[in-house]
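Enquirer: Once you've had a glance at the structure underneath, I'll fire off some questions.
The values are calculated or read from the model by the stated rules, or taken from the named source; none is laboratory data. It should be emphasised that the depicted structure is a prediction, and the values quoted were computed from it without experimental measurement. Here the Cβ is made from the backbone with ideal geometry for all residues, glycine too, and neighbour counts use every protein chain on show.
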Amino acid sequence: MSPRARPQLAIYPGSFDPITRGHEDIVRRTLRFCDGVVVAVSHHATQLKHGLFSVGERLELIQQVFDDDERIEAVAFSGLLVDFARKREINLIVRGLRAVSDFEYEFQMALMNRDLQPGIETLFLAPDARYSFLSASLVREVAALGGDISAFVAPVVQKQILQKLGEQ
Ligand code: COA
(Lines give C-alpha, C1' and ligand atoms only; values in the text may rest on other atoms or scores of the structure.)
Protein backbone atom coordinates (compact mmCIF):
# COMPACT_ATOMS: atom_id res chain seq x y z
CA MET A 1 0.00 0.00 0.00
CA SER A 2 1.39 3.46 -0.89
CA PRO A 3 1.84 5.96 1.91
CA ARG A 4 -0.71 8.77 2.25
CA ALA A 5 0.33 11.95 0.46
CA ARG A 6 -0.72 14.15 3.41
CA PRO A 7 -1.20 13.42 7.07
CA GLN A 8 -4.82 12.69 7.96
CA LEU A 9 -5.92 15.19 10.58
CA ALA A 10 -9.20 15.42 12.48
CA ILE A 11 -10.81 18.29 14.32
CA TYR A 12 -12.34 17.54 17.69
CA PRO A 13 -14.48 20.61 18.52
CA GLY A 14 -16.20 21.47 21.77
CA SER A 15 -16.32 23.80 24.72
CA PHE A 16 -13.92 21.80 26.95
CA ASP A 17 -14.71 23.59 30.21
CA PRO A 18 -12.56 21.81 31.24
CA ILE A 19 -11.20 18.84 29.32
CA THR A 20 -12.20 15.58 31.02
CA ARG A 21 -10.99 11.98 30.82
CA GLY A 22 -13.91 11.38 28.44
CA HIS A 23 -12.54 13.94 25.97
CA GLU A 24 -9.03 12.52 26.36
CA ASP A 25 -10.40 9.10 25.55
CA ILE A 26 -11.96 10.34 22.29
CA VAL A 27 -8.70 12.08 21.27
CA ARG A 28 -6.65 8.94 21.90
CA ARG A 29 -9.12 6.75 20.01
CA THR A 30 -8.95 9.16 17.07
CA LEU A 31 -5.17 8.79 16.98
CA ARG A 32 -5.60 5.10 16.18
CA PHE A 33 -6.62 6.05 12.65
CA CYS A 34 -5.50 9.69 12.24
CA ASP A 35 -2.02 11.22 12.27
CA GLY A 36 -3.05 14.19 14.36
CA VAL A 37 -5.96 15.79 16.20
CA VAL A 38 -6.78 19.48 16.44
CA VAL A 39 -8.70 19.97 19.67
CA ALA A 40 -10.69 23.10 18.85
CA VAL A 41 -12.31 25.24 21.54
CA SER A 42 -15.26 27.15 20.13
CA HIS A 43 -15.56 30.78 21.25
CA HIS A 44 -19.20 30.72 20.22
CA ALA A 45 -20.10 27.58 22.19
CA THR A 46 -18.33 28.96 25.24
CA GLN A 47 -20.29 32.23 25.06
CA LEU A 48 -23.56 30.30 25.20
CA LYS A 49 -22.68 28.52 28.43
CA HIS A 50 -21.92 29.88 31.85
CA GLY A 51 -18.39 28.60 32.18
CA LEU A 52 -15.66 28.21 34.76
CA PHE A 53 -12.50 28.66 32.68
CA SER A 54 -11.64 31.28 30.07
CA VAL A 55 -10.90 30.06 26.56
CA GLY A 56 -7.20 30.71 27.14
CA GLU A 57 -7.24 28.65 30.34
CA ARG A 58 -9.06 25.79 28.58
CA LEU A 59 -6.41 25.73 25.86
CA GLU A 60 -3.64 25.73 28.42
CA LEU A 61 -5.20 22.77 30.24
CA ILE A 62 -5.59 20.81 26.99
CA GLN A 63 -1.94 21.51 26.15
CA GLN A 64 -0.82 20.37 29.57
CA VAL A 65 -2.89 17.19 29.45
CA PHE A 66 -1.39 16.22 26.07
CA ASP A 67 2.05 17.61 26.79
CA ASP A 68 3.72 14.30 25.88
CA ASP A 69 2.15 13.98 22.43
CA GLU A 70 3.03 16.38 19.63
CA ARG A 71 0.29 14.93 17.39
CA ILE A 72 -2.28 16.86 19.42
CA GLU A 73 -2.77 20.59 18.98
CA ALA A 74 -5.09 22.86 20.97
CA VAL A 75 -6.57 25.92 19.26
CA ALA A 76 -9.50 28.28 19.74
CA PHE A 77 -11.75 29.26 16.86
CA SER A 78 -14.49 31.82 16.28
CA GLY A 79 -17.44 31.54 13.93
CA LEU A 80 -18.51 28.45 12.09
CA LEU A 81 -16.71 25.18 12.60
CA VAL A 82 -16.81 24.44 8.86
CA ASP A 83 -15.03 27.72 8.10
CA PHE A 84 -12.32 26.85 10.57
CA ALA A 85 -12.05 23.37 9.05
CA ARG A 86 -11.78 24.81 5.55
CA LYS A 87 -9.02 27.22 6.62
CA ARG A 88 -7.10 24.34 8.15
CA GLU A 89 -7.86 22.12 5.13
CA ILE A 90 -9.28 19.40 7.38
CA ASN A 91 -12.39 17.52 6.28
CA LEU A 92 -12.92 15.24 9.24
CA ILE A 93 -14.76 16.18 12.44
CA VAL A 94 -14.74 13.79 15.38
CA ARG A 95 -17.38 13.77 18.10
CA GLY A 96 -18.07 11.44 20.99
CA LEU A 97 -21.49 9.83 21.36
CA ARG A 98 -21.98 9.09 25.03
CA ALA A 99 -25.58 7.95 24.98
CA VAL A 100 -28.69 7.91 22.81
CA SER A 101 -29.53 11.31 24.25
CA ASP A 102 -26.54 12.81 22.40
CA PHE A 103 -27.68 11.43 19.09
CA GLU A 104 -30.29 13.91 17.89
CA TYR A 105 -28.18 17.01 18.57
CA GLU A 106 -25.07 15.42 17.08
CA PHE A 107 -26.93 14.17 14.02
CA GLN A 108 -28.38 17.63 13.38
CA MET A 109 -24.96 19.25 13.66
CA ALA A 110 -23.33 16.68 11.40
CA LEU A 111 -25.94 17.16 8.68
CA MET A 112 -25.87 20.95 8.99
CA ASN A 113 -22.08 20.98 8.76
CA ARG A 114 -22.17 18.77 5.68
CA ASP A 115 -24.82 20.99 4.13
CA LEU A 116 -22.66 24.05 4.76
CA GLN A 117 -19.58 22.32 3.42
CA PRO A 118 -20.26 19.15 1.40
CA GLY A 119 -16.72 17.80 1.68
CA ILE A 120 -16.86 17.53 5.45
CA GLU A 121 -17.63 14.29 7.30
CA THR A 122 -18.37 13.74 10.99
CA LEU A 123 -17.22 10.58 12.65
CA PHE A 124 -18.83 9.49 15.92
CA LEU A 125 -16.85 7.53 18.44
CA ALA A 126 -18.15 5.74 21.52
CA PRO A 127 -16.14 6.65 24.60
CA ASP A 128 -14.98 4.15 27.17
CA ALA A 129 -18.06 3.09 29.20
CA ARG A 130 -16.39 4.51 32.32
CA TYR A 131 -16.89 7.98 30.85
CA SER A 132 -20.25 7.60 29.16
CA PHE A 133 -22.04 9.56 31.89
CA LEU A 134 -19.47 12.35 32.15
CA SER A 135 -19.92 16.00 31.28
CA ALA A 136 -17.78 18.99 32.12
CA SER A 137 -20.57 20.71 34.05
CA LEU A 138 -21.22 17.59 36.17
CA VAL A 139 -17.53 17.41 37.03
CA ARG A 140 -17.55 21.09 38.00
CA GLU A 141 -20.65 20.60 40.14
CA VAL A 142 -19.27 17.53 41.94
CA ALA A 143 -16.01 19.39 42.63
CA ALA A 144 -17.86 22.48 43.88
CA LEU A 145 -19.79 20.31 46.33
CA GLY A 146 -16.69 18.61 47.66
CA GLY A 147 -16.88 15.33 45.72
CA ASP A 148 -13.88 13.41 44.43
CA ILE A 149 -13.29 14.07 40.71
CA SER A 150 -9.89 12.38 40.44
CA ALA A 151 -11.23 9.58 38.21
CA PHE A 152 -12.78 12.02 35.76
CA VAL A 153 -10.06 14.58 35.00
CA ALA A 154 -6.27 14.64 34.76
CA PRO A 155 -4.45 15.71 37.96
CA VAL A 156 -3.48 19.07 36.45
CA VAL A 157 -7.13 19.76 35.61
CA GLN A 158 -8.30 18.71 39.07
CA LYS A 159 -5.79 21.08 40.64
CA GLN A 160 -6.93 24.00 38.51
CA ILE A 161 -10.63 23.33 39.15
CA LEU A 162 -10.09 23.28 42.89
CA GLN A 163 -7.98 26.43 42.71
CA LYS A 164 -10.60 28.24 40.61
CA LEU A 165 -13.42 27.20 42.91
CA GLY A 166 -11.38 28.32 45.90
CA GLU A 167 -11.03 31.79 44.35
CA GLN A 168 -14.80 32.13 43.87
N1 COA B 1 -16.63 12.82 27.55
C2 COA B 1 -17.06 13.62 28.50
N3 COA B 1 -17.87 14.67 28.29
C4 COA B 1 -18.22 14.91 27.03
C5 COA B 1 -17.80 14.10 25.97
C6 COA B 1 -16.97 13.02 26.27
N7 COA B 1 -16.53 12.18 25.34
N8 COA B 1 -18.34 14.59 24.83
C9 COA B 1 -19.06 15.64 25.17
N10 COA B 1 -19.00 15.84 26.50
C11 COA B 1 -19.71 16.83 27.27
C12 COA B 1 -19.00 18.14 27.36
O13 COA B 1 -18.16 18.16 28.49
C14 COA B 1 -20.14 19.10 27.48
O15 COA B 1 -20.56 19.15 28.81
P16 COA B 1 -21.25 20.45 29.42
O17 COA B 1 -22.46 20.74 28.59
O18 COA B 1 -21.54 20.04 30.78
O19 COA B 1 -20.22 21.56 29.32
C20 COA B 1 -21.26 18.45 26.67
O21 COA B 1 -20.92 17.11 26.59
C22 COA B 1 -21.39 18.90 25.25
O23 COA B 1 -20.41 19.78 24.95
P24 COA B 1 -19.38 19.77 23.77
O25 COA B 1 -19.04 18.42 23.27
O26 COA B 1 -18.25 20.60 24.20
O27 COA B 1 -20.20 20.40 22.66
P28 COA B 1 -20.89 21.79 22.69
O29 COA B 1 -22.33 21.48 22.51
O30 COA B 1 -20.50 22.64 23.82
O31 COA B 1 -20.25 22.44 21.41
C32 COA B 1 -19.62 22.56 19.09
C33 COA B 1 -20.43 21.89 20.18
C34 COA B 1 -18.52 23.44 19.59
C35 COA B 1 -19.05 21.43 18.28
C36 COA B 1 -20.62 23.36 18.24
O37 COA B 1 -21.34 24.23 19.07
C38 COA B 1 -19.93 24.14 17.15
O39 COA B 1 -19.47 23.59 16.19
N40 COA B 1 -19.85 25.48 17.32
C41 COA B 1 -19.23 26.37 16.37
C42 COA B 1 -20.29 27.22 15.66
C43 COA B 1 -20.94 26.43 14.57
O44 COA B 1 -20.33 26.01 13.61
N45 COA B 1 -22.25 26.23 14.71
C46 COA B 1 -23.03 25.46 13.79
C47 COA B 1 -22.94 24.01 14.14
S48 COA B 1 -23.88 23.05 13.02
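Enquirer: Examine the stretch 105-125 for a residue that is under 25 Å from Ile161 (Cβ atoms) and more than 10 Å from the ligand (Cβ to nearest atom), and state whether such a residue exists.
Expert: No, the stretch 105-125 contains no residue that is under 25 Å from Ile161 (Cβ atoms) and more than 10 Å from the ligand (Cβ to nearest atom).
Enquirer: Here is a follow-up. Would you mention how many residues in the stretch 130-145 are over 16 Å from Lys49 (Cβ atoms) and loosely packed, with under 14 Cβ neighbours inside 10 Å?
Expert: Counting residues in the stretch 130-145 that are over 16 Å from Lys49 (Cβ atoms) and loosely packed, with under 14 Cβ neighbours inside 10 Å gives 3.
Enquirer: Residue by residue through the stretch 76-100, note down the ones that are in contact (Cβ under 8 Å) with a residue 12 or more places away in the chain and basic (Lys, Arg).
Expert: Arg86, Arg88, Arg95, Arg98
Enquirer: Test Arg95 against the criterion of being of a type outside the set (A, V, I, L, M), within 13 Å of the ligand (Cβ to nearest atom) and assigned to a helix (DSSP H, G or I), and give yes or no.
Expert: Numbers: of a type outside the set (A, V, I, L, M): yes; within 13 Å of the ligand (Cβ to nearest atom): yes; assigned to a helix (DSSP H, G or I): no.
The answer is no for Arg95.
Enquirer: Suppose the filter is touching a Pro at 6+ places or on another chain (Cβ under 8 Å), assigned to a loop (DSSP other than H, G, I, E, B) and within 12 Å of the ligand (Cβ to nearest atom); does Phe16 pass it? I'd like the intermediate steps shown before the answer.
Expert: Working: touching a Pro at 6+ places or on another chain (Cβ under 8 Å): no; assigned to a loop (DSSP other than H, G, I, E, B): yes; within 12 Å of the ligand (Cβ to nearest atom): yes.
Spelling it out, it is not the case that Phe16 is touching a Pro at 6+ places or on another chain (Cβ under 8 Å), assigned to a loop (DSSP other than H, G, I, E, B) and within 12 Å of the ligand (Cβ to nearest atom).
Enquirer: I need the full set of residues from the stretch 71-108 which are under 17 Å from Ile19 (Cβ atoms) and of a type in the set (D, E, K, R), in order please.
Expert: To start, the set of residues in the stretch 71-108 that are under 17 Å from Ile19 (Cβ atoms) comprises 71-77, 94-96, 98.
Across the stretch 71-108, the qualifying residues are Arg71, Glu73, Arg95, Arg98.
Enquirer: Which one is nearest to Val156 (Cα to Cα), of the residues in the stretch 32-56 that are crowded, with 16+ Cβ neighbours inside 10 Å and more than 10 Å from the ligand (Cβ to nearest atom)?
Expert: This residue is Phe53.
Enquirer: Just to be sure, is Glu60 farther than 20 Å from Val41 by Cβ, surrounded by fewer than 17 Cβ atoms within 10 Å (Cβ to Cβ) and at pLDDT 95 or above?
Expert: Taking the combined requirement at face value, the residue does not satisfy it.
Enquirer: Please identify the pairs in which a residue from the stretch 33-54 that is assigned to a loop (DSSP other than H, G, I, E, B) and modelled with pLDDT of 90 or more has its Cβ atom under 8 Å from the Cβ atom of a residue that is near the ligand (Cβ under 8 Å from one of its atoms) and of a type in the set (D, E, K, R), counting only partners at least 6 apart or on another chain.
Expert: Between residues of the stretch 33-54 that are assigned to a loop (DSSP other than H, G, I, E, B) and modelled with pLDDT of 90 or more and residues that are near the ligand (Cβ under 8 Å from one of its atoms) and of a type in the set (D, E, K, R), the close pairs are Leu52/Asp17; Leu52/Arg140; Phe53/Asp17.
Enquirer: OK, next. Among the listed residues Arg71, Arg95, identify the single one that is on the phi < 0 side of the Ramachandran plot and touching a Phe, Trp or Tyr at 6+ places or on another chain (Cβ under 6 Å).
Expert: On the way: Arg71 fails: touching a Phe, Trp or Tyr at 6+ places or on another chain (Cβ under 6 Å).
Matching residue, one of Arg71, Arg95: Arg95.
Enquirer: Can you confirm whether Ala85 is surrounded by 15 or more Cβ atoms within 10 Å (Cβ to Cβ) and in a strand (DSSP E or B)?
Expert: On the way: surrounded by 15 or more Cβ atoms within 10 Å (Cβ to Cβ): yes; in a strand (DSSP E or B): no.
Judged against the criteria, Ala85 is not a match.
Enquirer: So Glu89 fits all but one of (1) within 13 Å of the ligand (Cβ to nearest atom); (2) on the phi > 0 side of the Ramachandran plot; what number is the exception?
Expert: Of everything listed in (1) within 13 Å of the ligand (Cβ to nearest atom); (2) on the phi > 0 side of the Ramachandran plot, Glu89 misses just condition (1).
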